[in-house]
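FYI, it's all coordinate maths here, none of it is from the lab. Small disclaimer: the values here were computed from a predicted structure and weren't measured. Cβ atoms come from the backbone with ideal geometry, glycine included; neighbour counts cover every protein chain shown.
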Amino acid sequence: MEIRALTDAVRSELPVSGEELNLDAKGWGLVIVDIVNGFATVGAGNLAPPAENPQVTQMVAESDRLARGFADQGWPILAFLDTHEPGKLEPPYPPHCEAGTGEEELVPALKWLEAAPQATLVRKDCINGFVGAIGASGENAVVDWANANEIENLLVVGICTDICVMDFVLTMLSARNHGLTQRCEEIYVYDDGCATYDLPKTVASSLGLPETASHPQDLTHHMGLYFMAARGARIANTVEIA
Ligand SMILES: [Zn+2]
């Protein structure tokens, strides 16, 4: 089956309905997952897009729009930055986002967050930001941030929809249900604020990669949204900040 037809069939059998979100009260927290050069700037590394990619471009623009809206309101923002000790691999991936290469820094459009008082930057060395936020004494930077800011609803954007975004959101749902977050009620994922990468099966096999490296972009993006929604996350199709 041709990939577009397959993707349409999966969308039909595993439907995901999104909502129109209007953020008009405090209690919201924005989590930006890994919108760093190594994942989202063309040609910036082994896991960066090799050419301009519309889904990635849209994610960066929409994340910047929301972050500016949150900053204007004085609402809290937490940004994860995938960052690895040089030479220390993160299987199954090739070297990426090693400290000092620039790949581990926010993309140019989001660089302003470094100086934004509303933003908390959290570096992590594994896929799952919730795990990466655990410190040496067992404290968790995400849980502490959510509780200190009395966050009631989380809005999540970033890359990759089906990898770092999904692992974080699924774990955060468990953390909420386990009572680790004091006030968190809902976790929203913004469709157009997320992106994943494109590695068609034919390309993966021509590169000699394992079969699980096959990763068609639209299909895996949808599957990520589906699994998050099926576990209790809410999906947003549009987000406006009043
Ligand atoms: Zn990594």
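Taking the number of Cβ atoms within 10 Å of each Cβ as an exposure proxy, the fewest-first ranking of Leu23, Leu121, Leu154 is Leu121, Leu23, Leu154. Put in order of Cβ neighbour count within 10 Å, fewest first, the listed residues Ser205, Ser137, Ser63, Ser214 become Ser137, Ser205, Ser214, Ser63. The distance from the alpha carbon centre of segment 163-242 to that of segment 9-40 is 8 Å, rounded to a whole number.
Across the chain, the relative contact order, built from alpha-carbon pairs under 8 Å that are at least six residues apart, equals 26 percent. Counted by neighbouring Cβ atoms within 10 Å, the residues Ile127, Ile163, Ile35 run from fewest to most as Ile127, Ile163, Ile35.
Counting residues in segment 101-236 as N, plug N into 2.2 N^0.38 Å and put the Cα Rg over that result.
Compared with the compact-globule rule of thumb, segment 101-236 sits at 1.14.
Note on Lys201: aspartates and glutamates with a C-alpha under 15 Å away, same-chain residues under 8 apart excluded, are Glu2, Glu211, Asp218. Here the Karplus curve 6.51 cos²θ - 1.76 cosθ + 1.60, taken at θ = phi - 60°, turns the phi angles of segment 117-123 into couplings of x, 7, 9, 10, 9, 10, 7 Hz, with x standing for Gly and Pro.
Taken one residue at a time, the phi angles of segment 202-211 give Karplus couplings (6.51, -1.76, 1.60, θ = phi - 60°) of 5, 5, 4, 6, 5, 8, x, 7, x, 4 Hz. Gly and Pro are set to x.
The loop-placed GluC sites (Glu not before Pro) in segment 152-222, going by DSSP, that have at most 11 neighbouring Cβ atoms within 10 Å of their Cβ come out as Glu185. Computed from phi, the 3J(HN,Hα) profile of segment 226-242 under the Karplus parametrisation 6.51, -1.76, 1.60 (θ = phi - 60°) reads 4, 5, 5, 5, 5, 8, x, 6, 10, 9, 10, 8, 9, 9, 10, 10, 5 Hz, with x in place of Gly and Pro.
Taking every alpha-carbon pair within the chain, the share separated by more than 24 Å comes to 43 percent.
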